[in-house]
Amino acid sequence: MSILVSLFAVIALVVLSIAGASVLGWQYILGVVLPYAAMATFVIGVVYRVIRWARSPVPFRIPTTCGQQKSLSWIKSSRLDNPHTLAGVIGRMVLEVLFFRSLFRNTRAELRSGPRLVYGPDKWLWAGGLAFHWSFLIIFIRHFKYFVEPVPSWILGLQGLDGFFQVGLPVLLLTDLIILTALSFLLLRRVFDPKLRYMSLPADYFALFLLLAIALSGVYVRYFGKIDISNVKELATGLLSLHPVLPDGVGTAFYVHLFLVSALLAYFPFSKLMHMGGVFLSPTRNLANTNRRRRHVNPWDYPVAVHTYDEYEDEFRDRMKDAGMPVERE
Amino acid sequence: MSEHKPKPEELAQVEFAPSPRGWMDPTVEFRKGTWCYSAVPETLEYLGLPNPRRWQPTDHDWKLPDNWREIIVHGLRERLRKYRSLQVFMDTCVRCGACADKCHFFIGSGDPKNMPVVRAELLRSVYRNDFTTAGRILGKLAGGRELTIDVLKEWFYYFYQCTECRRCSVFCPYGIDTAEITMMARELMSLVGLNIEWICTPMSNCYRTGNHLGVQPHGFKDSIEFAVDELEEITGVRVNAPINRKGAEILFITPSADYFASPHYYTLLGYLALFHEIGLDYTWSSYASEGGNFGLFHSAEMVKRLNAKMYAEARRLGVKWILGGECGHMWRVIHQYMGTMNGPADFLEVPRSPITGTEFVHAASTKMVHISEFTADLIKHGRLKLDPSRNDHWRTTFHDSCNPARAMGLLEEPRYIIKSVCNHFFEMPENTIREQTFCCGSGAGLGTDENMEMRLRGGLPRANAVQFVHDRHDVNLLLCMCAIDKATLTPLLEYWVPGVDVGGVHEMVGNALVMKGEKERTTDLRGQPYPAKEDSRNV
Ligand code: SF4
Ligand code: SF4
């Protein structure tokens, strides 16, 4: 169910943009209006969400410690998994954000007869996730070449590296291959692992289908669309300089690609894709475990009712005296 | 124990059986053995908590206030504004599934709603429905669920099937801590009067008498004195155990089970022997006669209310710093909440061992030191005379309690002590210890008998790891540093791994500690006779 709803939603987006670009003459809408609107939604939405997160304070310091604490001088502490310095926290976060360190720990638990519980390493999710995110990032950076003139040499270098194997014409870029494989893997595990299928929402499939559609349309444009790059570049730089122009001959496929990217941008702030920002703000990861060394202040702390010693003694004084225990008041 | 308890072979037949209707369907069946009794009205009244009344989860009518839904939604809104953790955790989960098989309750029950991610979704779906644009417009399609009475019942069932152990949080790429979500959900439920007995009675006892068991001051004194007598019988040394003594250097606080339950009691004997041997200038307190804090399983406000007595008593008695005994959730509170909630403790001094001179700078602000940190330092400085062969009848392994492991990182200290006082120590498999340790299955207030089936299921992963070292190394004693563990691992192992006992780290210290003027020990602290002396010399 979830999966079909999401699939149809993405197909509808594709059909809409094909119709818009080829029949309905929506070039201006697809090429100028929607990209601007999507960009604005993205920026405002992301800023709003991040502000909303940041507005909620962190009342308690609650790092999840994944290694030895810093205590006695002769016990080696785990600087990254249980950081007690800012450098340690930064290290933990960098490893988390760039290399998905927590996912790398992943294991698979299996209850066999006996009963015997066995654990195996399970790096597939880590590998698939990392492959997708890194290739997405490289592809994203590669796209800068459409927006700037002259193209900085490091971008060309990156692209050169990406097309290292020099197969096909245009040269096949590795990241295109990787992103499609990784996305397919992420999708398939959602469909075939019963646990994943159980927990998945339409939104989970939708994000994957949309990303797949974007990647596929991009691949189509690059390898089969035979469009004039200079026209695309004209459109892109025009958008960027706030003097949009609509060049001829960019083709329907390109509009589909652009429209899907716009959809992704507009969808982003309302979706789980915001995990990109959330990862930086997670209090179990981005705080040092210096709880007993430094006092953490709760901004909304308020006084609570307590049972004082005096009240306690008042209730039990006689019995305390009988038992020969010292009391404050006779 | 109840006659409804299935055999281990039956219980181990765990099948993953997701309902074809998906998790959005909130129907739950309150099956005997898998839930806890509701709190009686008296305890709620004593604590001033809302909606005291008699009811049980199996009742059709839970006697909620008419506006229960508004209360909860309002409470959720308030907590989203107060806790970044909640707000971020509600928004960032991608349902990648990495946490799914990390929960002992999921492993042991196969119930898909015990996957941490789905447990969180039970609350998240209501959040989406009421607090997000997509949820408001698309409803179910966007994963939103309206808060109905069935959803509330489902919350009660599953948020009291989470021991707040944080194992899931270790594996989540965003550090999403389902324990934190469970804590919020329990707070919300408490707003409309949904509480469990096993949490609320200890809380109200603790509020009144200073400890969970409701032991009054004279009873407290009796228990400690009884232990002093017993220790004298075993060691021939009469120790001094001052109570409520003003002007002592150190206040010692430990869970009440240590002086009232077994096998905790042997650990208490260990403390007493140790403090005497090093000549510690310390005192017990009858007002602060509980280190544990069941408030942690209820709400942040109760944590603060119950924990206030520690600093208050330290101030009244004029001590310099506080030493804390073996407990798990107590240390989560002391380490992660106490300074913030009840501090600043600037009337105390930075803890310093009077024996070795070591400054515990890592506790410079909270001014409270864990006994294993204190003892490890003593041993490292060679201040204790130890005879580990007195523990030779034990082949030991160590269970990291969830809170010291994943909220402190107290991993090496106990191991260092155990290796110094025991000749036979074996680690369980690495996926089950340290930060990956498995819960006893009964933490966070779930250690009650009517919940036995769920406890045995949840404890299966832990027990299974014990089984491994039992089979391979003949391990016969599981050591731990937590009062709840000592209480609940005992029936757990009896069920899954007969032949393995449960003990405390300072019980081992007490056995090994060679005391000045002691008589020849013929029994260990449990009163179990040692084999005749010649035998042990010859080995
Ligand atoms: S590991 Fe984290 S992101 Fe993945 S499903 Fe669990 S809670 Fe969600
Ligand atoms: S905190 Fe522990 S009990 Fe709760 S969901 Fe996570 S792993 Fe399960």
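Observations on the structure shown:
- Contact order relative to length of chain B, as percent, for alpha carbon pairs under 8 angstrom and 6 or more apart: 17
- Dimensionless Rg over Rh [chain A; C-alpha; Kirkwood]: 1.14
- Modelled label positions at A:Glu328 and A:Met276, each set 7 Å beyond Cα in the direction of Cβ, lie 5.8 nm from each other.
- Among the listed pairs B:Lys7/B:Lys486; A:Lys123/A:Lys272; B:Lys221/B:Lys516; A:Lys76/B:Lys367; B:Lys102/B:Lys367; B:Lys5/B:Lys486, those beyond 27 Å (Cα-Cα): B:Lys102/B:Lys367
- Protein accessible surface hidden between A and B, which excludes ligands and nucleic acids, total in Å², probe 1.4 Å: 8800
- Binned Cα-Cα distance frequencies in the protein assembly as shown - 20 Å width, integer %: 14, 44, 29, 11, 2, 0
- Partner shielding of A:290-302 amounts to 6, given as the average count of beta-carbon atoms from other chains within 10 Å of each residue beta-carbon.
- Nearest-0.05 FRET efficiency for A:Val118 and B:Thr133, computed from C-beta distance (R0 45 Å): 0.50
- Counted without the sites themselves, the longest stretch of chain A free of trypsin sites (Lys or Arg not before Pro) in a DSSP loop having at most 12 other beta carbon atoms within 10 Å is A:77-225.
- The value given for segment B:15-150 is a Kirkwood hydrodynamic radius of 17.1 Å, derived from the mean inverse Cα-Cα separation.
- Relative contact order computed over chain A (Cα-Cα under 8 Å; 6+ residues apart), in percent: 30
- Computed Rg/Rh of segment B:450-518, alpha carbon atoms with Kirkwood Rh: 1.08
- Candidate membrane-span-like segments in chain B, meaning DSSP H helices with Cα atoms spread over at least 18 Å of their own axis and a Kyte-Doolittle mean of -0.5 or above, are B:116-131, B:178-191, B:217-235, B:264-277, B:483-496, with no membrane implied.
- Whole-Hz ³J(HN,Hα) from phi, Karplus 6.51 cos²θ - 1.76 cosθ + 1.60, for segment B:11-27, glycine and proline x: 5, 7, 7, 9, 10, 7, 10, x, 5, x, 7, x, 6, 5, 6, x, 4
- Euclidean distance of C-alpha centroids, segment B:360-431 and segment B:456-502, integer Å: 18
- Other-chain or far-sequence residues with amide H under 5 Å of B:Ile243's (modelled H): B:Trp284
- Between A:Leu98 and B:Lys140, the FRET efficiency estimated from the beta carbon spacing at R0 = 41 angstrom works out to 0.65.
- Chain A: most fluctuating residue of A:Phe147, A:Phe316, A:Phe99 per GNM, C-alpha cutoff 10 Å: A:Phe316
- Given chain B, longest segment not containing exposed loop GluC sites (Glu not before Pro) (DSSP; at most 15 other Cβ within 10 Å): B:147-348
- Placing a label point 7 Å from the Cα of B:His381 along the Cα-to-Cβ direction, the residues of segment A:60-99 whose backbone N falls under 19 Å of that point are A:71-76.
- Relative contact order, percent, segment B:278-415 [alpha-carbon distance under 8 Å, six or more residues apart]: 23
- Rounded to the nearest 500, the 222 nm mean residue ellipticity of the protein assembly as shown from helices alone is -14500 deg cm²/dmol, with -39,500 (n - 2.57) taken per DSSP H run of at least 4 residues.
- Residues with amide H under 5 Å from that of B:Ile250, placed H, sequence gap 5 or more: B:Tyr282, B:Thr283, B:Lys320
- Summing Cβ point charges (Lys, Arg +1; Asp, Glu -1) relative to the Cα centre of the protein assembly as shown gives a dipole of roughly 2400 debye.
- FRET efficiency for the A:Val304 to A:Val15 pair, using the beta carbon distance and R₀ = 51 Å, is estimated at 0.30.
- Charge dipole (debye, nearest 20) of segment B:1-110; +1 at Cβ of Lys and Arg, -1 at Cβ of Asp and Glu: 440
- For trypsin sites (Lys or Arg not before Pro), no site in segment B:100-195 is both called loop by DSSP and has at most 13 other Cβ atoms within 10 Å.
- Fraction of beta bridges assigned by DSSP in the protein assembly as shown that are antiparallel (%, nearest 5): 35
- More than 31 angstrom apart: percent of Cα pairs within chain B: 47
- When chain A is treated as a GNM with alpha-carbon contacts under 10 Å, the residue of A:Asp318, A:Asp301, A:Asp204 showing the greatest mean-square fluctuation is A:Asp318.
- Compactness relative to 2.2 N^0.38 Å, alpha carbon Rg of segment B:226-282: 1.10
- Amide H contacts of A:Thr65 (H built 1.01 Å from N, under 5 Å, at least 5 apart or other chain): B:Ala407, B:Met408
The values are calculated or read from the model by the stated rules, or taken from the named source; none is laboratory data. Quantities reported herein were computed from a predicted structural model and do not represent experimental measurements. Note: ideal-geometry Cβ built from the backbone for every residue, glycine included; neighbour counts use all protein chains shown. To get the accessible areas, we keep the full protein, side chains included, count just its heavy atoms, and leave off ligands, DNA and RNA. Shrake-Rupley method; radii C 1.70, N 1.55, O 1.52, S 1.80 Å.
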